[in-house]
Amino acid sequence: MVYQALTEQSVGRFEIADVQGRGWTHPTTPRYPAGMDSINKAKLMDGRALAKRVLEGAAAKVERIRQATGVTPALATVLVGSDPASVTYTRMKRKRCQEAGMRPVRIEMPEGTTTEQLVAKVRELADDALVHGILVQHPVRRPIDKRAVFEAIPLEKDVDGVSSAALGRVILGMPAFIPCTPAGIMQLLVEYKVELDGAHAAVMGRSPILGRPMASMLINHHATVTLCHSRTRALPTIVRGADVVIAAVGRPRFVQGGWIKLGAVVIDAGYNEGNIGDVDFEAAIEPASLITPVPGGVGPMTIATLIDQTADAAAKQLGVDL
Ligand code: NAP
């Protein structure tokens, strides 16, 4: 069923070959010789299905915490202003929170909120024993000093992994709440048994919430990583050498099909206006062996990871062994 939805929303001309078995084909003539035909049938990495399982696991944790302590785990979502995309994202996060049996705490602050006011609100939530996770919705726009705001979130409630302490722990491979998008991507790579040990991964984008922690996690899984950004020279050549390609650039259909090595795994973290990813999906699916669709790939895993990490944070704060 999940694949049916994907076809209607984002896949367009492609067809489902086997909904149960997750295999699927496309009707275009293969670009590669007959012997390579099987690799030419890229497999979708189903973020919705995996996210559903992660959310079910989180709901079970929430129930155990409630039975053991009588406390309902709570996630505070803090939104400044009324950017339509951010309003939608925070609504989706609160909805998933409720579905997992958690208590959403909705904080909305007006456009024009100062750094001091936002830091004060985060500190208030940090001191509230009935709030277990704090999420400040990105992007936090200037003139607010977003770093000052993120640093005000205590490590034990930083379920979105935005503080420098969280990033430092991710780099060192220490236990931490990991930024949710790279954490979700890593779960997808594990779920689909992508061999990372010794693989060459090209990560496009070096933001503190996505590209940087992603590169660190891949290194910790023994991949050789090239971290690319807007100043990188010969980007297509680097990507053509990669076994695993992570696109986190914020530019619609930026990564072209001709950049993808035959058999590479392609992860599209991009989410641009109109449900468009950072990868030219229809072109990249030909050479790729595995690929995430947009929507239905990385996005659902980001939210599921947030909810799961909040359940873990609550368990730790309340002394519940899960
Ligand atoms: P960001 O902070 O704007 O960072 C973008 C990165 O891409 C920067 O490192 C930038 O390089 C690099 N870049 C820009 N143009 C480039 C080019 N021409 N060639 C190579 N690199 C280039 O964005 P972000 O927050 O990391 O998000 C990246 C994408 O992921 C966006 O599409 C966003 O919507 C999406 N996203 C999705 C989720 C989800 O849940 N699915 C969550 C978060 C973000 P410089 O550092 O040199 O400027």
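Each reported figure results from applying straightforward, stated rules to the coordinates on display, with no laboratory input. Everything numeric in this text was worked out from a predicted model, so none of it was measured. All Cβ positions, glycine included, derive from the backbone under ideal geometry; neighbour counts span all protein chains shown.
What order do you get for 298-308, 185-195, 135-145 when each peptide is scored by the mean count of other beta carbon atoms within 10 Å, highest first?
Those peptides, ordered most packed to least, come out 298-308, 185-195, 135-145.
Would you work out if segment 51-110 is rounded, prolate or oblate? Take a ≥ b ≥ c from the square roots of the eigenvalues of the alpha-carbon gyration tensor; rounded if a/c is under 1.5, else prolate when a/b is larger than b/c, oblate otherwise.
oblate
Please report the orientation-averaged projected area of the chain, defined via the convex hull of its C-alpha atoms, in nm².
Directional mean of the projected Cα hull area for the chain stands at 16.6 nm².
So how strong a dipole does the chain carry about its Cα centre when Lys and Arg Cβ are +1 and Asp and Glu Cβ are -1, to the nearest 20 debye?
260
Answer with one residue from 77, 113, 132: the one whose Cα lies farthest towards the positive end of the charge dipole of segment 71-160, charges on Cβ with Lys, Arg +1 and Asp, Glu -1.
The listed residue farthest towards the positive side: 77.
Say the dipole of the chain comes from +1 at the beta carbon of Lys and Arg and -1 at that of Asp and Glu; which of 317, 86, 208 then lies farthest toward its positive end?
The residue sitting farthest along the positive end of the dipole is 208.
What order do you get for 214-226, 245-257, 284-296, 111-123 when each peptide is scored by the mean count of other beta carbon atoms within 10 Å, highest first? Display every interim value, and only then the final one.
Details: 214-226: 19.8, 245-257: 21.6, 284-296: 23.6, 111-123: 15.1.
The most tightly packed comes first, giving 284-296, 245-257, 214-226, 111-123.
Cα convex hull of segment 187-264: mean projected area in nm², to one decimal?
Average of the hull's projected areas for segment 187-264 equals 5.1 nm².
Quick one: grab the alpha carbon gyration tensor of segment 225-322, order the square roots of its eigenvalues as a ≥ b ≥ c, and give me rounded if a/c is under 1.5, else prolate or oblate depending on whether a/b is larger than b/c.
Working: a/c = 2.39, a/b = 2.11, b/c = 1.13.
Taking the square roots of the gyration eigenvalues as a ≥ b ≥ c, segment 225-322 is prolate.
In nanometres, what is the gap between the two model label sites at residue 98 and residue 128, each 7 Å from Cα along Cα-to-Cβ?
1.7
Over the Cα atoms, compute the radius of gyration (one decimal) and Dmax (the largest Cα-Cα distance, rounded to a whole number) for segment 71-160, in Å.
In order Rg, Dmax, the Cα atoms of segment 71-160 give 12.4, 37 Å.
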